[in-house]
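Peer 1: Structure below; questions to follow.
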Amino acid sequence: MSQLENPIKTDVFVDMGELGVASEEVVSQFRLDIERGKHWFDALLDAIGSWGITEENINGVHYKYLYAGEAFDWLRLAERLCDAVPELLPPNEVEVFLFEGKWPLPLSEEDFEKRLGAWKYSAHLNYLYGVVVEESLQFAIEEEIVKEQRAMAFPGEGLGFFEQIFVRIYDLDIDRLIARYADSVGTQFGEELSQCEWRGFLYWLFKFRCHRQDGARVASDTRKGLAMLSRLGPEYNSRGFTLSESGISELHEHFIDVGRIDQKVVDPIPSSVS
């Protein structure tokens with residue numbers, strides 16, 4: 001039996017730096033599974049569960065799947081895998097899945113966790129809370145500011161509109177926040193952040209907020225983000241992530257109650273495999 005006939009068993013990410021043999025093996029297995037009759041979404045989940053590279057460049061396009069060693073953007077990886085075998089996939093189903101958040105097969109959250117594996121699923125939750133919900137919180141605060149300015153006689157006075165969002169949430173303006181983020185990751189950024197840089201910044205902001213603010217404020221702001229997320233379109237909420245007290249409790253347990261910025265749902269990549 002050839003190596004490609006056995007699914008690659010990997011439940012942690014190994015940063016190989018550049019596109020290499022491992023990613024090609026997963027793509028080949030993904031293709032083979034579909035050709036043998038497995039439903040493409042089942043094959044896709046198997047491929048994601050086996051994937052081991054954190055980021056790569058393909059034909060000039062940068063794909064980043066893991067932020068800060070702990071936040072997993074599984075939909076970005078799904079997009080990359082679907083792009084690898086377009087001739088084998090139903091284009092309408094793929095488009096509805098990637099852009100409208102409608103899954104082609106029913107799958108419970110418990111089964112979804114099993115398919116990703118415990119580590120990747122926990123990292124997926126990190127991404128939901130730390131990137132998706134954090135950005136939704138910014139949208140919620142933006143909405144508040146717009147309503148306030150409409151009621152003001154001179155809405156243009158004071159801080160700029162964009163700056164107000166960050167000062168209100170993080171107590172610092174965005175320039176200072178980006179400078180702190182750049183210092184923390186040892187990188188200098190250009191005038192505009194790329195999509196990957198922005199997502200990494202959002203995750204850092206989430207941890208910054210949890211570390212700097214008291215638990216009651218963090219929970220209140222996070223509820224705002226979750227409430228906004230439930231109102232946004234499926235491109236922001238592909239898993240139907242809704243305002244949930246159990247979800248808030250989980251957030252408290254892992255990010256807030258402990259009062260430490262380095263406490264999280266999932267530990268970063270173990271040093272033995274990175």
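Peer 1: I need every pair where a residue in the stretch 126-153 that is in contact (Cβ under 8 Å) with a residue 60 or more places away in the chain and not assigned by TED's automatic domain parsing to the domain that holds G101 has its Cβ under 9 Å from the Cβ of a residue that is in a helix (DSSP H, G or I) and of a type in the set (S, T, N, Q), sequence separation at least 6 or different chains.
Peer 2: Between residues of the stretch 126-153 that are in contact (Cβ under 8 Å) with a residue 60 or more places away in the chain and not assigned by TED's automatic domain parsing to the domain that holds G101 and residues that are in a helix (DSSP H, G or I) and of a type in the set (S, T, N, Q), the close pairs are Y129/T222; V133/T222; E134/T222; S136/S230; L137/T222; I141/Q164.
This table checks each residue for (1) surrounded by 14 or more Cβ atoms within 10 Å (Cβ to Cβ); (2) of a type in the set (D, E, K, R); (3) assigned to a strand (DSSP E or B).
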| residue | (1), (2), (3) |
| --- | --- |
| D33 | yes, yes, no |
| A47 | yes, no, no |
| Y63 | yes, no, yes |
| A78 | yes, no, no |
| D83 | yes, yes, no |
| L98 | yes, no, no |
| K102 | no, yes, no |
| D111 | no, yes, no |
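Peer 1: For the structure I just gave you, tell me whether L107 is touching a helix residue (DSSP H, G or I) at 6+ places or on another chain (Cβ under 9 Å) and in a helix (DSSP H, G or I).
Peer 2: no
Peer 1: Something else now. Pull out all pairs, ordered by first then second residue, where Cβ-Cβ is under 8 Å, the residues are six or more apart or on different chains, the first lies in the stretch 76-99 and is under 26 Å from V132 (Cα atoms), and the second is among the basic types (K, R) and at pLDDT below 95.
Peer 2: Filtered contacts from the stretch 76-99: R76/K64; V96/K102.
Peer 1: Name the residues in the stretch 26-51 that are among the aromatic types (F, W, Y) and modelled with pLDDT of 95 or more, would you? Explain how you work it out, then say what you get.
Peer 2: The first filter runs over the stretch 26-51 and keeps only residues among the aromatic types (F, W, Y), leaving 30, 40-41, 51.
Those that are among the aromatic types (F, W, Y) and modelled with pLDDT of 95 or more: F30, W40, F41.
The values are calculated or read from the model by the stated rules, or taken from the named source; none is laboratory data. Here the structure is a predicted model, which means the values were calculated and not measured. Positions of Cβ are backbone-derived with ideal geometry, glycine not excepted, and every protein chain shown enters the neighbour counts.
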